[in-house]
Amino acid sequence: MNAHPTYFRILGTVALALLGFFLPRFLGGSSHVYDTLGTIASFSAMSYGLDIILSDLGEISLAHTAFFATGAYASAILSVDYGQGAWVAMAGAVLAALALALVLGLITLRTREFAFSLVTYAAAVVCMNIAANWDFLGGSDGIVGIPPLALTIGPLSFAASQPPQFWPFAYGLLLLTLYVVHRFRRSRLGQAALMVHMNPRLASMCGVDGNRVRLLVFLVSAPISALAGWLYAFQRAYVGTDLFDTYFLVLMLTGVILAGRRLLLGPLLGTALLVGQKSFFSLGAYGDKLVLGAVLVGVLCFCPKGLASLWPRAPGRALRQM
Amino acid sequence: MFTRRQLMAGVALSAAVPMRARAAAPIKVGLIVPLSGGAGRQGQDVANAVQSMATLINDAGGVLGRPLELLVRDDESTPAIGVAKANELASAGVAVVLEGWNSPVTLAMQPILARADVLDITMISKADPILASAANPLAIRLNSANAEDATVIASYLKSRMASGRLVFVTENDAYGNGAQHGIEEEIKRAGLSYDIAKTLKFPFPQTDFRVEVTTIHDAKPDAVIAIDANEGAGLPAFLQQYAQAKVGAPLICTVGTVSPSVIETAGAAANGLISADIYFPAAEPFASNSENKRFIAEMQKQFKTTPDKYMALGAASLEVWAKAVAKVGSLDRKAVAGAIRGHEIPGTIFGDVRFSANGQMAHHYAIFTVQDEKIVVQN
């Protein structure tokens, strides 16, 4: 009886994924379109790292720029200073982010809400200052000369230096991130995280170790943002301390909040609205900031569950169910 | 002597060249500068200057018989936005991008433009890796380099005092740290005996320097070296707070950070500061340069302003590129860069300018002070 709905859901998801892949072509196929959509995909992946902490653990982490930057810096150092390929750089990005997340997770285990946000913000500031003043990380000059992305899978080789060539990698990373987040929310860890967030007493009575869950969720979240940093480093060919800037933090937070929390496609839609507006319908820097501020105030005051809550119920439910 | 018919034909031809240039498909020229935020005013000034130079070039027949069309974008002093704008302009099919107020933004945009095979000319950003990066082997920069600037400051210090205590107030980024490193190296090289009492680092957007100024006061330095490229807000604020605190030690601002707009904003607080620069529109050799006079007249006509160094660098970037294109008869990135790097470009608003093999334009410096809110050139 349930086979048909599942079959159709898988078919629908595959069709949607294919449609998404060809979206740049439908939008004209210019290099600008590919770059914008590739940036949306990369920055969405970055936002999903924060989304897990914000939506599932209920905490506002201000350290996710550090994970994003860690992924980018690890990739840059391994590829520029040690001549390693993109796969090694990817592994390095994930391992470095895990190490940082472990330290940060242990430090913030006993902090909640405001204190958690403050400690994570302080951690990001410390990381930025280390990066700006340590020659090994390029100091204030950053690291230049990151080669074009080149990945080899068996006999197949893929290379990317231009926006249209980057698109499949960015889109692939986005799909992978969506799958991981989807699986996480259905996993025991995801359910435990939600319980720790929504009802810590019940979680404790059920024998769920809240601190352990928080640490594990941190360890799942950090590599997601770091992988986005890995790709962004190759996309931009330069990493610098600007990766810790509030620009990325505001983008992540707004991307998560705008469409609505704990929606699988929420951060993607939020990031697409933000980056798309700036890229295709820009009103200038001041105009864009006014639009962003007005939209944020409007969303937080009039539909705190996000823009997706304005849509009819069925599509909203569909978004959640995916 | 020309006959009347020859003269008429000549007049008709000269009038026809610009018309033909305007009829041909325009060459798109990209310009990426900050048009908002702390450096927004200066970025807008640079955009105006480039527009003036484009008008002069178009009125003279364009480039390769085609008019120039300027596409201006705001990088918001943010590398990520600069990258997006560089991609956007590359996609729009520009032949060249003139860019660069902040070094980190330039460093982020360089590889994007190089990968898109678009010639990239850095107008103002000063960080050393801009010319050293393998990401852009055809780099070209018009503003003076940190290393040259450092030599000028060290020479000035040497002429004033053989030893003493220095305090650095340094913008903590690629430009600021590079500039300080360069000055320290030059001081060592000159064999001067200076004690660096304090190094106070601050982020680019900072405008509240009360803590730094108090620290400087307590350090009792013989001279203070300020490295702050935030001319829209940061440097004027520092000058005002420094004057209010009555520190007393001579204040030396690094080369090229004190534009007329800084003095206008800081007011009397700018009096007494010492700096050096590479362009003074009313001083020789610029005052008698016919190209410079044409440029100043166009700026007066279009924007009712006298250009400062940054505006001159912006306009000269377009002028140098246009002359190189005319010389090689092509818009090809490598050919045009090859005609600039390691060569002399005659007849620009900076005079006959020479570029070193790494793409750096050479300059002549002059020390100046500010008296009664006016720049007074010393040599």
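The values are calculated or read from the model by the stated rules, or taken from the named source; none is laboratory data. Source: prediction; values computed, not measured. Neighbour counts run over all protein chains shown; Cβ positions are idealised from the backbone, glycine included.
With the structure loaded, tell me whether B:GLN240 is crowded, with 17+ Cβ neighbours inside 10 Å, without any contact (Cβ under 8 Å) to a residue 60 or more places away in the chain and under 27 Å from A:GLY145 (Cα atoms) or whether it fails that test. Considered against the rule, which asks whether it is crowded, with 17+ Cβ neighbours inside 10 Å, without any contact (Cβ under 8 Å) to a residue 60 or more places away in the chain and under 27 Å from A:GLY145 (Cα atoms), B:GLN240 comes out as no. Within region B:110-130, take every residue that is at the interface with chain A (Cβ under 10 Å from one of its Cβ atoms) and closer than 19 Å to A:ASP35 by Cα and give me the one that is nearest to the chain's Cα centre (by Cα). Selected residue: B:GLN110. I'm told B:GLN180 meets every condition in (1) more than 14 Å from every other protein chain (Cβ to nearest Cβ); (2) modelled with pLDDT of 90 or more except one. Can you identify the failing condition by its number? Of everything listed in (1) more than 14 Å from every other protein chain (Cβ to nearest Cβ); (2) modelled with pLDDT of 90 or more, B:GLN180 misses just condition (1). Residue count for region B:131-156 under the criterion of being away from chain A (no Cβ under 11 Å), part of a loop (DSSP other than H, G, I, E, B) and surrounded by fewer than 20 Cβ atoms within 10 Å (Cβ to Cβ): the result is 1. The single condition among (1) of a type in the set (A, V, I, L, M); (2) under 21 Å from A:ASN133 (Cα atoms); (3) buried (at least 22 other Cβ atoms within 10 Å of the Cβ) that B:ILE196 does not satisfy is (3). So for region A:183-198 (the condition being surrounded by 17 or more Cβ atoms within 10 Å (Cβ to Cβ), modelled with pLDDT of 90 or more and closer than 23 Å to A:THR70 by Cα), does at least one residue qualify? Scanning region A:183-198 turns up at least one residue that is surrounded by 17 or more Cβ atoms within 10 Å (Cβ to Cβ), modelled with pLDDT of 90 or more and closer than 23 Å to A:THR70 by Cα.
Of the residues making up region A:218-238, just one is more than 9 Å from chain B (Cβ to nearest Cβ) and either over 16 Å from the mean Cα position of the chain (by Cα) or on the phi > 0 side of the Ramachandran plot (or both), namely A:PHE234. Within the set B:ALA233, B:ALA190, the sole residue that is under 19 Å from B:ILE153 (Cβ atoms), at pLDDT below 90 and hydrophobic (A, V, I, L, M, F, W, C) turns out to be B:ALA190. The residue that is nearest to the other protein chains (Cβ to nearest Cβ), counting only those in region A:143-168 that are of a type in the set (A, V, I, L, M, F, W, C) and part of a helix (DSSP H, G or I), is A:PHE166.
Residue by residue, here is whether (1) among the polar types (S, T, N, Q); (2) at pLDDT below 90; (3) not assigned by TED's automatic domain parsing to the domain that holds B:LEU239 holds:
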position: B:ALA114; (1), (2), (3): no, no, yes
position: B:VAL118; (1), (2), (3): no, no, yes
position: B:LEU138; (1), (2), (3): no, no, yes
position: B:THR151; (1), (2), (3): yes, yes, no
position: B:SER159; (1), (2), (3): yes, yes, no
position: B:THR199; (1), (2), (3): yes, no, no
position: B:PHE204; (1), (2), (3): no, yes, no
position: B:THR215; (1), (2), (3): yes, no, no
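Close contacts from region A:13-30, counting a first residue that is in a helix (DSSP H, G or I) and a second that is hydroxyl-bearing (Ser, Thr, Tyr), with Cβ to Cβ under 8 Å and a gap of 6+ residues or different chains, come to A:GLY20/A:TYR171; A:PHE21/A:TYR171; A:PRO24/A:TYR34. On inspection, A:VAL181 passes the criterion of being touching a residue at least 40 places away in the same chain (Cβ under 8 Å) and touching a Phe, Trp or Tyr at 6+ places or on another chain (Cβ under 9 Å).
Residues in region A:275-301 that are aliphatic (A, V, I, L, M) and touching a residue at least 24 places away in the same chain (Cβ under 8 Å) were compared, and the one that is nearest to the other protein chains (Cβ to nearest Cβ) is A:VAL275. Sub-7 Å Cβ pairs linking a first residue in region B:92-104 that is under 19 Å from B:VAL63 (Cα atoms) to a second residue that is of a type in the set (D, E, K, R) and at pLDDT 90 or above, at least 6 apart or interchain, are B:ALA92/B:LYS28; B:GLY93/B:LYS28; B:VAL94/B:LYS28; B:ALA95/B:LYS28; B:VAL97/B:ASP120, ordered by first then second residue. Kindly establish whether A:ALA96 is surrounded by 22 or more Cβ atoms within 10 Å (Cβ to Cβ) and over 26 Å from A:SER187 (Cβ atoms). Judged against the criteria, A:ALA96 is not a match.
Being hydroxyl-bearing (Ser, Thr, Tyr) and more than 14 Å from every other protein chain (Cβ to nearest Cβ) is a property that does not hold for A:SER140. Might you check whether a residue that is out of contact with any Asp or Glu (no Cβ under 8 Å at 6 or more places or on another chain), buried (at least 21 other Cβ atoms within 10 Å of the Cβ) and more than 18 Å from A:SER225 (Cα to Cα) occurs anywhere in region A:61-75? So far as region A:61-75 goes, no, none of its residues is out of contact with any Asp or Glu (no Cβ under 8 Å at 6 or more places or on another chain), buried (at least 21 other Cβ atoms within 10 Å of the Cβ) and more than 18 Å from A:SER225 (Cα to Cα). Annotation: A:GLY270 fulfils all but one of (1) within 14 Å of chain B (Cβ to nearest Cβ); (2) touching a Ser or Thr at 6+ places or on another chain (Cβ under 7 Å); the unmet one is (1).
The number of residues in region A:80-111 that are over 15 Å from A:ALA63 (Cβ atoms) and either in a loop (DSSP other than H, G, I, E, B) or of a type in the set (A, V, I, L, M) (or both) comes to 14.
Inspect region A:258-267 for any residue being surrounded by 14 or more Cβ atoms within 10 Å (Cβ to Cβ), more than 22 Å from the chain's Cα centre (by Cα) and part of a helix (DSSP H, G or I) and give the result as yes or no.
no
Counting only helices (runs of 4 or more DSSP H) that sit completely within region B:285-365, those holding 2 or more residues that are basic (Lys, Arg) and under 13 Å from B:LEU56 (Cβ atoms) correspond to B:290-303.
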